Amino acid sequence: MTSKDKTALLIVAHGSTVNPDSSAPTLAHAAEIRRRKIFSDVECAFWKEEPSWRDARFLFDPNSIREVCVVPNFISEGYFTQTVIPRELELNGAATKRASGQTWKYCQPVGNHPAMTELLLKRAREIAPGVNPAETSLLIVAHGTDLNENSAVAAKREAEKIRALGEFAAVLNVYMEEPPLVSEWQKWTNTPNVVVVPFFISDGLHSYEDIPRLVGIVVDAGVDRSRPGSALPATARGEIFRHNPYQIDNRFLYYAPSIGTDPGFADIIIDQAGITKS
């Protein structure tokens, strides 16, 4: 384990230029970790917000900070964690020695942590309390992409681990942009209850807009999620998670907030950095 003396934590996340909620969980987890005084310094950097990943190289004074632990707040290995982050931060492996003498340690993304399984189960149970899991299908929804074949691996791995526990009637990893598609959830499931947990870091446009539209949710406020182009006002975004269950074709669909909003991510980030929490 790494000593916390003269060690800083840099949490890198995607962020968004159009959705302020995108960076909110990362900033909240950083604030909680900062409160615990585990690191000499805790900072965040973003791909689509300030400070940028490239600017993050200059956030830490090399005279007071000798090691920087970089933890990607990403749900899986993929294009960003394997290509973009190392390029922008000028990292050349698991440990990069700067000319200043600082060592930058590149850690595993949060989505690779073994505690992710229990967090997904916790979120599924919270969103559908009292529902018999033997009559329920659990869908773990990830993005899916053709940029890097590893982007869907984390969701598949978690679905397999939860499926092996035998708690739910069915557990499926489904995707927005590659088969099996979340939009075809009625084809993949036959239980009266379906729990949908977005396997995303934050509640952004995917969880507020895209996934609800793909699964056919109709919001009480009158926004038809089955119609492309419908948009929920910013003041009502959180309402999408508070109208459960949604009845669709005589079946009950429970829709959860993104897994990355769980406060337990602060502990995962610390563990991924390899820092003793005592």
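For segment 42-80, which residues satisfy the criterion of being part of a strand (DSSP E or B), over 20 Å from G274 (Cα atoms) and not aromatic (F, W, Y)?
Start the filter on segment 42-80 by keeping residues that are part of a strand (DSSP E or B), which leaves 42-46, 52, 67-72.
Filter again for over 20 Å from G274 (Cα atoms), leaving 46, 52.
Within segment 42-80, just S52 meets the criteria.
From the set of residues in segment 24-56 that are out of contact with any Cys (no Cβ under 6 Å at 6 or more places or on another chain) and among the polar types (S, T, N, Q), which is surrounded by the most Cβ atoms within 10 Å (Cβ to Cβ)? Top of the filtered list is S40.
Tell me, please, whether a residue that is over 17 Å from I269 (Cβ atoms), of a type in the set (A, V, I, L, M) and without any contact (Cβ under 8 Å) to a residue 24 or more places away in the chain can be found in segment 25-44. So far as segment 25-44 goes, no, none of its residues is over 17 Å from I269 (Cβ atoms), of a type in the set (A, V, I, L, M) and without any contact (Cβ under 8 Å) to a residue 24 or more places away in the chain. When E158 is tested against (1) among the charged types (D, E, K, R); (2) buried (at least 17 other Cβ atoms within 10 Å of the Cβ); (3) in contact with a Pro (Cβ under 9 Å, 6 or more places away or on another chain), exactly one condition is not met: (3).
Per-residue answers, yes or no, for (1) at pLDDT 95 or above; (2) open to solvent by 30 Å² or more (accessible area, probe 1.4 Å); (3) not aromatic (F, W, Y):
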site: M1; (1), (2), (3): no, yes, yes
site: K4; (1), (2), (3): no, yes, yes
site: S22; (1), (2), (3): no, no, yes
site: L59; (1), (2), (3): yes, yes, yes
site: R66; (1), (2), (3): yes, yes, yes
site: P72; (1), (2), (3): yes, no, yes
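Checked against (1) in contact (Cβ under 8 Å) with a residue 24 or more places away in the chain; (2) over 30 Å from V195 (Cβ atoms); (3) open to solvent by 20 Å² or more (accessible area, probe 1.4 Å); (4) not aromatic (F, W, Y), A115 passes all but condition (2).
The values are calculated or read from the model by the stated rules, or taken from the named source; none is laboratory data. Being a predicted model, the structure only gives us computed values, none of them experimental. Virtual Cβ from ideal backbone geometry, glycine too; neighbours counted across all protein chains shown. Please note that ligands, DNA and RNA were not included when accessible areas were found on the heavy atoms of the full protein model with its side chains. Shrake-Rupley method; radii C 1.70, N 1.55, O 1.52, S 1.80 Å.
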